[in-house]
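Asker: My questions all concern the structure below.
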Amino acid sequence: MRSGIDLVGLWDCEFKIFGNIIHITLKKQRFSFETRLVEYEDTLVSTVVELPADIIQKLPTGRVRVEGKLNTIPFNLGVQFKKSGARYLSVSQAMRKSAKIKAGDKVKVSFEIVDPDKLELPEEMEAVLAQDEAGAKLWNKLTVGLQRSLVHYINSTKNVDLRIERALYLMNKVKSGAYKDRMKE
């Protein structure tokens, strides 16, 4: 099978195979800069890293997801934007705590653009999906945004037993139709 796009030289490709599904991740350019953490009053997460204008110009339009590091702390975030044209990365309280930083502190940021639909599933959810074919079909119909939120809920605890419990609980919710309004056609 051949796509109409020549990926050689333009993208680094990563292929992962999950049963009969091939997931292709395309990575492009790496960006790095130093800046200070800024506080916004009008956003859900008030501490942000504003992206420099020269980097904003190089970003694609629409949804942009990036993976990188804030100092030494890894992140996977969506690039947010304000009506003014500013683009930024939200820095959660947990991320600030891990990096031992606060608003006004100088930080080093490096990231690369990743497939906005890329989602790393925790082992617990992979196991649940592998054992439940009907549930896996429904899971794959959920929007990536909802899947990401549910995965975040599973990953928000370090307790393995609780992670398993959460994965099973969420699969039961998916199968019960609780998210049917958030499924792709």
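Asker: With each run of n ≥ 4 DSSP H residues scored as -39500 (n - 2.57), what mean residue ellipticity at 222 nm is computed for the chain after dividing by its residue count and rounding to the nearest 500 deg cm²/dmol?
Answerer: Only helices count here, giving -9500 deg cm²/dmol.
Asker: While we're looking at this one, here's another question. Mind pulling the per residue volume of the convex hull built on the Cα atoms of the range 123-182? Å³ is fine.
Answerer: 68
Asker: What is the set of long-range amide H partners of Leu51 at a cut-off below 5 Å, with H atoms built 1.01 Å from backbone N?
Answerer: For Leu51, the qualifying residues are Arg87, Tyr88, Leu89.
Asker: Note the direction-averaged projected area, equal to a quarter of the hull surface, for the Cα convex hull of the chain, in nm².
Answerer: It is 13.0 nm².
Asker: Straight distance only, please: which lysines reach the Cα of Lys137 with their own Cα at less than 30 Å, same-chain residues fewer than 8 apart left out?
Answerer: Within the straight-line limit of under 30 Å, Lys137 reaches these lysines: Lys16, Lys27, Lys118, Lys158, Lys173, Lys175, Lys180, Lys184.
Bear in mind these aren't lab numbers, they're just calculated from the coordinates by the rules spelled out. Because the structure is predicted, anything quoted here is derived from the model rather than measured.
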